Ligand SMILES: [Zn+2]
């Protein structure tokens with residue numbers, strides 16, 4: 001149905017439109033501009049009986065829905081979980097004591113419900129596109145179908161992959177799941193889905209050369225990119241140098257894993273030479289500052305990467321589904337780290353708004369993250385009434401210091417209204433959380449046994 005989201009301040013890549021409106025139909029933006037002009041054009045070119053659905057933005061901010069370029073939907077059941085024994089002392093111990101236990105006891109139903117929760121949080125926070133990285137090592141083949149089901153129920157856009165790993169000698173199954181899912185999505189029945197896929201690998205230090213080679217071949221066969229954790233901790237680089245006599249990015253390059261559709265997540269410990277390889281191959285990086293601080297792995301030098309021309313996007317690494325708070329964290333950590341109040345004001349919003357859009361465009365083949373004619377109708381109304389003048393020149397100041405704390409009023413993805421007037425459409429969050437609590441309590445019992 002032809003719908004006009006109107007009477008708001010529309011933020012487009014080139015201008016800020018007061019009393020603006022966005023017209024969309026069949027999931028695609030048809031017109032953008034002054035509300036009255038857009039409305040009058042509709043009635044001028046069509047007959048008077050045209051049905052036009054109106055959504056009033058009530059003078060609030062209309063933005064493109066946010067994009068999260070690195071998420072882990074499966075991480076939900078870790079929330080509040082008690083881990084007996086001494087606390088993890090480093091990154092590898094965090095993996096061994098928490099994540100590598102968690103991903104061995106997830107069942108079919110666990111994966112579905114642990115996905116629903118953060119997907120609902122995406123809608124609540126105005127995030128309409130995610131690039132997810134999934135791992136469930138004891139239930140690999142078929143696991144991505146559960147996430148797809150959850151994504152389609154909630155209604156956002158997602159690119160899924162399985163993080164293949166040889167840490168339990170089960171890499172073959174991970175590769176099989178990536179292939180099975182890519183093949184399934186290429187069938188006619190799935191063409192209209194908002195779900196797409198790429199090839200996942202956990203990280204260089206848990207993937208052997210044979211699996212790396214086969215995964216790259218699979219990505220090339222389906223013309224998709226690779227999604228891999230890279231140099232998150234120094235342990236990844238040390239392992240690579242010890243086993244293969246080359247650094248992580250050099251090894252990935254040797255096997256042909258790099259390119260403009262590939263995302264190297266974290267890149268905290270890469271050196272200048274590795275940055276240059278990424279730049280030469282147009283490989284994307286994804287920055288996850290909250291997660292890096294939480295795991296105490298260091299601060300990725302993304303400011304240098306951006307200066308070198310690398311596209312650095314912004315993700316949450318499963319920490320949350322709130323992209324505005326992640327953007328502010330990026331802004332704060334780099335100022336703090338460099339002890340320089342002149343940095344990150346431009347770069348942090350750029351990662352969120354411009355670079356995530358660029359990465360999503362490569363991966364989904366759609367102009368996601370922009371309000372312009374022909375782009376998908378992925379829109380957000382942010383409950384922010386500017387208390388000082390808002391112009392194109394001072395937008396970033398409003399974004400970092402004001403909009404960051406505002407609530408998403410309305411969230412629309414692919415033309416489907418998922419949240420309106422701060423209420424989720426057609427979903428009982430309470431019932432989903434109730435079921436999730438029951439499943440996670442059983443899950444916590446099972447995890448004690450390994
Ligand atoms: Zn991650």
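Here, each number is a calculation from the coordinates, and none is a lab measurement. All of these numbers come straight from a predicted model, not from anything done at the bench. No Cβ is skipped: glycine too gets one built from the backbone with ideal geometry, and neighbour counts run over all protein chains shown.
Couple of notes before you dig in:
- Inter-label distance for residue 337 and residue 193, nm, one decimal - labels placed 7 Å from Cα along Cα-to-Cβ: 3.6
- The long axis of helix 108-125 is offset from the longest Cα principal axis of the chain by roughly 40 degrees.
- Stretchable slack from residue 450 to residue 49, in nm (0.36 nm times residue separation minus alpha-carbon distance): 137.8 nm
- Cα centroid of segment 78-96 to Cα centroid of segment 207-264, whole Å: 26
- The alpha carbons of segment 303-407 give a radius of gyration and a Dmax of 14.4, 43 Å, in that order.
- Highest-first packing order for the peptide set 269-275, 283-289, 172-178 is 283-289, 172-178, 269-275, based on the mean count of other beta carbon atoms within 10 Å.
- With neighbours defined as other Cβ atoms within 10 Å of a residue's Cβ, the residues 346, 195 order from fewest to most as 346, 195.
- Each principal axis of the Cα cloud of segment 66-154 was taken in turn, and the coordinate range along them, longest first, works out to 39, 28, 20 Å.
- For 229, 334, the sequence from fewest to most other C-beta atoms within 10 Å is 334, 229.
- Degrees separating the helix 209-222 axis from the principal Cα axis of the chain, which is the longest one: 30
- With respect to the chain, whose longest principal axis is taken over its alpha-carbon atoms, helix 429-448 is tilted by about 0°.
- Label zone at residue 260, where the point sits 7 Å out along the Cα-to-Cβ direction: segment 66-81 residues whose backbone N lies under 20 Å: 69
- By the count of neighbouring beta-carbon atoms within 10 Å, fewest first, 233, 405 end up ordered 405, 233.
- Extension gain, residue 92-residue 108: 0.36 nm per intervening residue step, less the Cα-Cα distance, totals 3.1 nm.
- Modelled label reach - residue 234, point 7 Å along Cα→Cβ, segment 199-223 residues with backbone N closer than 15 Å: none
- Overall shape of the chain was characterised from the C-alpha gyration tensor. The equivalent ellipsoid obtained from it has semi-axes of 36, 25, 21 Å, in decreasing order.
- Prolate/oblate/rounded label for segment 123-192 (Cα gyration tensor, a/c 1.5): oblate
- FRET efficiency, 1/(1 + (r/R0)^6) with R0 22 Å, evaluated for residue 58 and residue 423 via beta carbons: 0.90
- Note on segment 99-218: semi-axes of the ellipsoid equivalent to its C-alpha gyration tensor, largest first and rounded to whole Å, are 24, 17, 12.
- Ellipsoid equivalent to segment 1-61 - semi-axes via the Cα gyration tensor, in Å: 19, 11, 11
- Value of Rg/Rh across segment 383-450 [Cα atoms, Kirkwood radius]: 1.24
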